[in-house]
1. Collect the residues in segment A:274-289 that are more than 9 Å from chain B (Cβ to nearest Cβ) and crowded, with 17+ Cβ neighbours inside 10 Å, keeping them in residue-number order.
2. Select from segment B:116-135 the residues that are among the small types (G, A, S) and in a loop (DSSP other than H, G, I, E, B) and write down the one among them that is surrounded by the most Cβ atoms within 10 Å (Cβ to Cβ).
3. Could you list all residues from segment B:1-48 that are at the interface with another protein chain (Cβ under 8 Å from one of its Cβ atoms) and in contact (Cβ under 8 Å) with a residue 60 or more places away in the chain?
4. Suppose we filter segment A:138-182 for residues that are facing chain B (nearest Cβ under 7 Å), of a type in the set (G, A, S) and crowded, with 20+ Cβ neighbours inside 10 Å; how many remain?
5. Looking at segment B:63-74 only, could you name the residues that are in contact (Cβ under 8 Å) with a residue 60 or more places away in the chain and out of contact with any Ser or Thr (no Cβ under 6 Å at 6 or more places or on another chain)?
6. Kindly indicate the residue of segment B:89-115 that is among the polar types (S, T, N, Q) and in contact (Cβ under 8 Å) with a residue 60 or more places away in the chain and also surrounded by the fewest Cβ atoms within 10 Å (Cβ to Cβ) among those meeting that condition.
7. Looking only at segment A:102-137, count how many residues are among the charged types (D, E, K, R) and either within 13 Å of another protein chain (Cβ to nearest Cβ) or outside any helix (DSSP H, G or I) (or both).
8. For segment A:199-208, which positions are in a helix (DSSP H, G or I) and surrounded by fewer than 16 Cβ atoms within 10 Å (Cβ to Cβ)?
Amino acid sequence: MAALQALHQTSEIQAYVQAKAIAKALTLETIKARKKRREILNKTLATIVLTVGALTMVGPFLWMVSTSLKAPGAVFSFQKNWWEEWIPTSFVWQNYVKAWQVVPFARFYLNSIFVALCVTFGQVATSAMAAYAFARLQFPGRDKVFFAYLGTMMVPGAVTMIPVFILLKHLGWIDTYKALILPGIFTAYGTFMLRQFFLTLPKDLEDAAKIDGCSYIGIFWRIILPLSKPALATLTTFTFMGTWMNFMWPLIVINTQTKYTLPVGLAYFQSLHNTDWTLLMAASVMMILPILIVFMVNQRFFVEGIKLTGIKG
Amino acid sequence: MKSLTNSQKETVTAYGFLFPNFLGFMIFTSIPVAASFALSFISWDLLTPPRWVGFKNFIELFWDPDFWKYCFNTLYLMLAIPLSMGGSLILAIAMNQKLKGIVFFRTVYFLPTLCSGVAIYMLWRLIYNPEFGILNTLIANLGHTLGLTLKGPNWLTDEAWAKPALILMSVWQTVGGYNMILYLAALQGVPRDLYDAAEVDGANAWQKFWAVTWPQISPTTFFIAIMSIIGGFQAGFDPAYVMTGGGPNGSTTTLIYYLYNNAFEWQKMGYAAALAWILFIIVFIFTLLQWRVFGKTVHYH
């Protein structure tokens with residue numbers, strides 16, 4: 001009897017436990033459903049925000065492209081449908097040809113490419129070498145020199161700009177490619193960034209290579225550089241873009257039209273053809289295009305680079 | 001004996017590796033910093049011999065009404081910083097909802113930052129054209145649909161509107177760029193269980209944001225703010241040069257533009273160097289501030 005009662009009790013307990021489990025599952029279910037609903041709401045809201053934002057971002061670019069393809073008179077006409085502002089209805093490629101002809105645009109292009117390549121190569125090469133010395137080699141005065149590098153990183157470019165200009169003037173280098181290239185190569189920033197990256201590389205490989213009789217140059221060339229491709233690519237991309245876009249320095253040191261880089265050439269173009277909107281926009285499109293291509297190819301390095309420099313720096 | 005030669009070898013190698021960069025660093029950075037300091041006590045137009053004038057450049061700057069006007073302009077234009085940061089945060093939160101096509105959005109938002117430069121400033125000069133620019137066309141069309149006659153301002157030629165116009169452009173340019181990516185990384189780093197705990201306590205989305213997200217990402221906010229302020233003091237030359245020429249009536253001339261004019265238009269090298277050093281001191285103060293705060297509060301990266 002007692003056993004039966006006990007059995008009864010256990011089954012009661014079991015029933016209770018079961019009921020509780022079902023209830024719990026049910027509430028879990030509703031919580032899940034509610035969560036799911038909220039997630040859908042969040043996602044819809046986010047999509048709306050992002051789409052509106054994306055249209056705002058792209059709108060001016062669309063307008064630029066469509067203006068660059070309009071017949072000159074069409075820009076100023078008022079009899080237009082709203083969408084004709086954004087989407088090209090005519091394709092006057094002649095604007096591009098003309099923009100290319102009225103100023104030596106091809107020359108500006110070549111100048112920009114040449115200068116950007118030289119600065120980028122020089123900066124990546126010398127920065128990597130110096131960074132290796134700072135990160136891996138022992139030498140007297142290392143910390144002091146590195147501290148000097150660090151210290152100048154916060155000095156605004158405006159401070160060094162004037163003395164460097166005077167120096168270049170004394171050397172007779174104003175209005176030469178040297179003036180465009182040399183000051184751009186040596187930045188403490190590149191060295192600092194690569195040093196930070198080299199410090200994160202494991203040392204075992206180098207030790208093994210040293211035991212095998214590998215020289216420092218060999219270690220640098222065969223181990224450090226191949227392992228640092230992401231950091232090198234980031235520095236390469238940023239330096240190239242920065243040099244490509246740089247406006248103020250070429251404006252200061254270059255006087256001859258044939259040595260203009262694209263941004264200065266473009267500003268000069270604007271001063272000549274202030275109201276030729278279609279030509280101005282065609283020229284702008286041509287300046288932006290290479291940047292877009294570099295970006296599409298190297299996109300992941302951008303994001304990585306921003307995180308690398310933004311968070312650690 | 002052997003270890004000595006080894007360490008000597010290492011030293012020689014190290015100097016070899018360092019040499020090219022160090023030489024350039026001395027010539028184009030280190031010595032110019034010192035030279036610029038000396039220059040700020042000198043009056044020199046590059047034609048006549050330089051004259052030592054002591055603190056005269058700094059005193060003159062202090063009594064130069066233009067200097068204060070351009071200081072004000074520079075600060076005014078920095079209103080773009082909080083606006084852009086707020087936008088960046090909203091976009092980053094939206095992007096953090098694990099949507100499809102996030103790479104597409106990220107690319108699109110990065111475009112204005114990526115293409116910043118003379119081409120974009122020319123584009124915006126046309127956008128702001130009062131007669132035919134797309135902005136005033138939009139405003140007029142909007143008015144038309146509402147049954148009103150709206151007429152947009154003369155954005156770049158009206159003293160009252162030139163600075164807001166540059167701010168608007170700058171927000172467009174920076175809102176989806178570096179700051180948004182930093183914010184997104186920060187949001188992804190907020191521990192999930194903090195949100196779960198807040199949910200258990202019955203917090204709604206708004207409360208969760210202010211109680212969990214905001215304090216957790218505050219180091220990023222601070223970092224972005226300081227870096228933007230440091231950049232802001234040195235900004236404003238390129239857009240103003242291309243779009244307004246610093247006008248109308250000097251209303252878009254910033255400190256760096258004034259420095260450019262002094263040094264390279266009016267050949268007042270010493271005066272410009274003094275201006276550069278004032279900029280340096282301002283930047284230095286904000287850098288110190290950043291170091292102090294970051295030295296103490298950021299542990300979790």
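1. Selection gives A:D276, A:T278, A:L279, A:A282.
2. Once the filter is applied, the top-ranked residue is B:G117.
3. B:S36, B:L39, B:L46
4. 1
5. Hits for segment B:63-74 are B:D66, B:F67, B:K69, B:C71.
6. The qualifying residue surrounded by the fewest Cβ atoms within 10 Å (Cβ to Cβ) is B:N96.
7. Counting residues in segment A:102-137 that are among the charged types (D, E, K, R) and either within 13 Å of another protein chain (Cβ to nearest Cβ) or outside any helix (DSSP H, G or I) (or both) gives 1.
8. A:L199, A:D204, A:L205, A:D207, A:A208
The values are calculated or read from the model by the stated rules, or taken from the named source; none is laboratory data. Owing to the predicted nature of the structure, the values given are computational and were not obtained by experimental measurement. Neighbour counts run over all protein chains shown; Cβ positions are idealised from the backbone, glycine included.
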